[in-house]
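Undergrad: Mind looking over this structure? Questions follow.
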Amino acid sequence: MKPKISVVIPVYNEENALDVCYKTVSDVLKSIDYSYEIVFVDDGSRDKSANMLRDFSMKDECVKTVLLSRNFGKESALSAGIDFSEGEAVIILDADLQDPPELIPDMIKVWQEKNVDVVLMKRKSRSGESYTKKLTANIFYKVINYVSYFHIPEQVGDFRLMSRKAVNALKKLPERNRYMKGLFAWIGMDSYVMEYDRDPRVSGEAKMNYMKLINLAIEGITSFSITPLRFAVVFGIFTAIFGFGFGLWIVFKTLIIGESVRGYASTISIITFLGGIQLLTIGIVGEYIGKIYIESKQRPNYLIKELIAKGKNDESNF
C-alpha cells in the first residue's frame, strides 16, 4: 500500500486565491497514485477565507480545515497544519501558488527513489519580487549562516517535503519563539535539493511587509545563535580599551607636552557614541530576556476554534 501524502497550506486573507489554489492542488494530487489529504489552516483571516475553506471541507472528504481562534502568525499556522497532518509525507505549500503545486509529483518521486527524509525546494529565480527584497534576502541568509551553529539552506523557503520521521522530530521542539526555516534545518535528516523557478502570486499582495520581515530576521538570528551577545561583549571590551587609551593620551598631552585639554565637540561625540553602544547592547540583552520571558509562560503556539472535515466538525474526530 502506498503511503498517504499530506499537503499543508496556511491561509491568511487569501479569498481571491483560494478557489484556484484548491482546484490546482486537488487536480495535481488526483493525478498521482497516492491517497492524500489537504490540510488548510486559517490563521484568523478577516475576509471570506474561513467560509470558503469550510465549504471545501464539507464537500471534499480529502480536505481538512483547521480554523485558529485568531491570527497567530504564519509560523504558528504552519505548526498547526503539521500537527494535524496524518500523511507519511508532508508537503508545505503557500496558498498564493508562488511555489508551483505541479512539482509535487517530482518531490514525491525524489523522496521515494532517493530514500531521503526531506526534499528541499531551492529557488533559482523569484518572479514578482523586487530587487530590494531579493537583495535583503541574500544578505539575511549570509548573516544567519555566519552567526548560526548549523547551516540554513539559502533560497529555500517553507516549500518542501518531509517524511513522517522528520515531522515527528520537528514536533518534539516545543519552543514558542518559532522560526520554522531554522527548526526545519535544526532537525537535520538526510535531504535532497531540487531547484525551481518561483512564480508571481496568483492574486493579492504579500502579507509580509518589510517590518515583518525584519522582525522575522531578528527572530531567526536570536533563536539560533548567541553570537549577538558575544559581539556586544567583544565590542564592549574594545570600546573600554579605546577609552582607557584615549584617557592616557589626554594625561600625556597635559603633563608631558603641556597642551591644555580641548575638544568639546569630540567629547560630545564620544559620549553620544558610547550611549548608542550601551543602548544597542541593552537592546540585544533585552531581546534574549524577552525570549526567556515568553518561553517561561508556556502558552500554546496556537488555539483551535474549529476543526472541519466532511461530515465532521468535532476535535475528537481528528
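Undergrad: Would you please classify the overall shape of region 140-194 from the alpha carbon gyration tensor, given that a ≥ b ≥ c denote the square roots of the eigenvalues, rounded means a/c under 1.5, and beyond that prolate means a/b larger than b/c while oblate covers the rest? Don't skip to the end; give the middle numbers.
TA: Numbers: a/c = 1.92, a/b = 1.24, b/c = 1.55.
It comes out oblate by the Cα gyration axes.
Undergrad: May I ask you to derive the FRET efficiency for GLU175 and ILE271 from their Cβ-Cβ distance with R0 = 35 Å, giving the value to the nearest 0.05?
TA: Working: r = 40 Å, r/R0 = 1.13.
Using R0 = 35 Å, I get an efficiency of 0.30.
Undergrad: A further question on this structure: Within region 81-100, which residues have the backbone N less than 19 Å from the label spot 7 Å out from ASP27 along Cα→beta-carbon, could you tell me?
TA: So the set is 93-100.
Undergrad: Which entries in the list LYS59/LYS305; LYS142/LYS171; LYS59/LYS124 go over 29 Å, if you measure between the two C-alpha atoms of each?
TA: Numbers: LYS59/LYS305 20 Å; LYS142/LYS171 27 Å; LYS59/LYS124 37 Å.
Among LYS59/LYS305; LYS142/LYS171; LYS59/LYS124, the Cα-Cα distance tops 29 Å for LYS59/LYS124.
Undergrad: Let me ask you something else. How far is it, in nm, from the label point at LEU303 to the one at ILE241 when both lie 7 Å from their Cα along the line to the Cβ?
TA: 5.3 nm
Undergrad: Counting only other residues whose beta carbon sits under 9 Å from that of LEU78, what net charge do I get with K and R as +1, D and E as -1? List each step's numbers first, then the result.
TA: Working: positive: LYS74, ARG178; negative: GLU75, ASP158.
Overall, the nearby charge balance is 0.
Taken together, the values in this text are just the output of simple stated rules run on the coordinates, not laboratory data. Only a predicted model underlies this, so the values are computations on that prediction, with no experimental measurement involved. Cβ coordinates were reconstructed from backbone atoms using ideal geometry, including for glycine residues, and neighbour counts include every protein chain displayed.
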